[in-house]
1. Taking all protein chains together and a probe of 1.4 Å, list K103, K1 from the most accessible to the least accessible.
2. Find, among the GluC sites (Glu not before Pro) in the range 51-117, those assigned to loop by DSSP (not H, G, I, E, B) with at most 14 other beta-carbon atoms within 10 angstrom.
3. At a probe size of 1.4 Å, how large is the accessible area of Y112, to the nearest 10 Å²?
4. Kindly report, to the nearest 10 Å², the accessible surface of S61 as traced by a 1.4 Å probe over protein heavy atoms only.
5. At a 1.4 Å probe radius, which order do I13, I107, I60, I78 fall into by accessible area, largest first?
Amino acid sequence: KNMEKERFNNFIIVPMGLWNKNTNLKLKTSDGLHSELSSLSGEKEIGVVCLDDELKKLKISKVDVIKMDIEGAEIEAIQGARETLKRNNVHVAIASYHIVDGKTTSIFLEDYLSKLGYKVKSDFPKHKTTYGKKDGEFKILNMQ
């Protein structure tokens, strides 16, 4: 509604979650402030898609920016964007303060993006974010 109100017309809403493959996962909620995806248990089943596959389906070949804050699912979501990241010089800003397997997601994201040829840096202590770009400079906005 906000996009239409502001008269933006260059967007497509895809009512799916992002993951590293196209499948269905169960959504488990607790106190209304927290939710998690699981293949084993949950109250509601939701569809999730691989970004590479969804962009092909929509015939979108160029991506300029990927911004994510999806509560720990960033690792699987970015794995599903591998071809998009390789083909484009995407500006990346991904929340990376979540703890997965005892480590912050920034550790995985920095390694994964570096292997794809991205210059990366994790910053913004109050809400750790991993930034990346293949070439040129990228600026980290400090909004503290």
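1. Details: K103 120, K1 200 Å².
From most exposed to least exposed: K1, K103.
2. Details: sites: E54, E71, E74, E76, E83, E110; in loops: E71.
For GluC sites (Glu not before Pro) across the range 51-117 that sit outside H, G, I, E and B with at most 14 neighbouring Cβ atoms in 10 Å, the list reads E71.
3. That residue has around 30 Å² of solvent-accessible surface.
4. The value for S61 is about 80 Å².
5. Values: I13 135, I107 95, I60 55, I78 0 Å².
Putting I13, I107, I60, I78 in descending order of accessible area: I13, I107, I60, I78.
The values are calculated or read from the model by the stated rules, or taken from the named source; none is laboratory data. For clarity, every value in this text was computed on a predicted model and none was experimentally measured. Methodologically, a virtual Cβ is constructed for each residue, glycine included, from the backbone with ideal geometry; neighbour enumeration extends over all protein chains shown. Areas reflect the complete protein model, heavy atoms only, side chains present, ligands, DNA and RNA absent. Shrake-Rupley method; radii C 1.70, N 1.55, O 1.52, S 1.80 Å.
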